[in-house]
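So the structure is just underneath, and the comments pick up after that.
The values are calculated or read from the model by the stated rules, or taken from the named source; none is laboratory data. Only a predicted model underlies this, so the values are computations on that prediction, with no experimental measurement involved. Every residue, glycine among them, receives a Cβ derived from its backbone with ideal geometry; neighbour counts consider all protein chains shown. Please note that ligands, DNA and RNA were not included when accessible areas were found on the heavy atoms of the full protein model with its side chains. Shrake-Rupley method; radii C 1.70, N 1.55, O 1.52, S 1.80 Å.
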Amino acid sequence: MFLPEGIAKLVAGEAYETDTVGMSGSSVLIYGDKVLKVQEYKEEAENEYRMLQYLQGRLPVPAVYAHEIAEGRSYLLMDKCVGEMACSPAYMSRPDMQCRLLAAGLKRLWSIDCPDCPSNQGIARKLAAASYNVENNLVDLENVQPDTFGENGFRDPAELLEWLYQNIPEEEPVLSHGDYCIPNVFGEQDKVTGYIDLGRTGIADKWCDIALCYRSLSNNYSGKYSHHGAGAWSGYDDLRLFRELGIEPDWKKIRYYILLDELF
């Protein structure tokens, strides 16, 4: 793989393996104590770099060794998170501990006071990005929930987009991860040790993260995304996350943000 000169020097001679967990569309190379993320250079890539810098000392996010842009691609070299992904067998086999970890991760995000946050990822911003994807035929219809489109769902992405504009919920703004799926959270027992994939991180409705976490748990326990080849897992309780958070589920908002994410 081509690497910009500065980054090539920092990883020269080091062995690496390719990480295939997650659905970000980027290439991730794991070195001994470093991770290189390579992706198309666009707003999400720039926002990830910006938020990694902003959140240093505020949250357990990777430190950045280098960031270069070359040939239309972003090369982000970071340190490696300690602990295990929340989708690892250690967590999938312990859903009680897993939900404690995920709830703790959400509460920690929400506790950050960041009036100077450089990224606004509210509904207006999300809908504008979704509109661009629909207008340019960028919606990946192969990776949507089975009932989103078709006989009992929406006719097509354009109809879904129209529904989203007509049903905008009231926002409860917090520091939001933006893609709070279980491969993006690292932990040791029920302690959060890292957040990754911060391209959509910024100020947004707290229910965005809750909804995507809820969907991610459901999909992983059903075996839809079997990151470690184990298929379906037992022990899933779709209310456990809410008990750990100490809140009642707002199913309308959860549905809204899951549907909104279908357009990304």
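Things worth noting here:
- With each label modelled as a point 7 angstrom along the Cα→C-beta vector, the residue 143-residue 16 pair spans 2.0 nm.
- Taking all protein chains together and rolling a 1.4 Å probe, residue 171 ends up with roughly 80 Å² accessible.
- Nonlocal amide H pairs with residue 139, under 5 Å, H built at 1.01 Å: none
- Computed over the chain: relative contact order in percent, which uses C-alpha pairs under 8 Å that are six or more apart: 22 percent
- Out-of-range pairs (alpha-carbon distance over 19 Å; input 42/80; 42/126; 9/34; 126/206): 42/80
- Largest to smallest in accessible area, the residues 18, 148 fall in the order 18, 148 (1.4 Å probe, all protein chains included).
- Across the protein chains, with a 1.4 Å probe defining accessible surface, the residues 242, 186, 264 rank 264, 186, 242 from largest area downward.
- With a 1.4 Å probe rolled over the protein heavy atoms of all chains, the accessible area of 1, 85, 92 falls in the order 1, 85, 92, largest first.
- Measuring with a 1.4 angstrom probe and ignoring ligands and nucleic acids, residue 224 comes out at about 80 Å² accessible.
- Surface exposure of the chain, expressed per residue as accessible area with a 1.4 Å probe, stands at 48 Å².
- Probe 1.4 Å - accessible area at residue 218, Å² to nearest ten: 40 Å²
- Those Cys residues of the chain for which no other cysteine Cβ falls under 4.7 Å: 81, 87, 99, 181, 208, 213
- With R₀ set to 41 Å, the beta-carbon distance separating residue 172 from residue 66 gives a calculated FRET efficiency near 0.65.
- In summary, the aspartates and glutamates within cross-link reach of residue 37, defined as a Cα separation below 13 angstrom excluding same-chain residues under 8 places away, comprise 17, 19, 46, 48, 68, 79, 197.
- Separation of the residue 135 and residue 218 label points, Cα + 7 Å toward Cβ, nm: 3.1 nm
- When the solvent-accessible area of the stretch 121-191 is split by element, carbon and sulfur atoms take up 44 percent of it, the probe being 1.4 Å.
- Using a simple spin-label model with pseudo-atoms 7 Å out from Cα toward Cβ, residue 53 and residue 155 lie 4.6 nm apart.
- ³J(HN,Hα), Karplus 6.51/-1.76/1.60, whole Hz, each residue of the stretch 118-125, x for Gly, Pro: x, 9, 9, 10, x, 4, 4, 5
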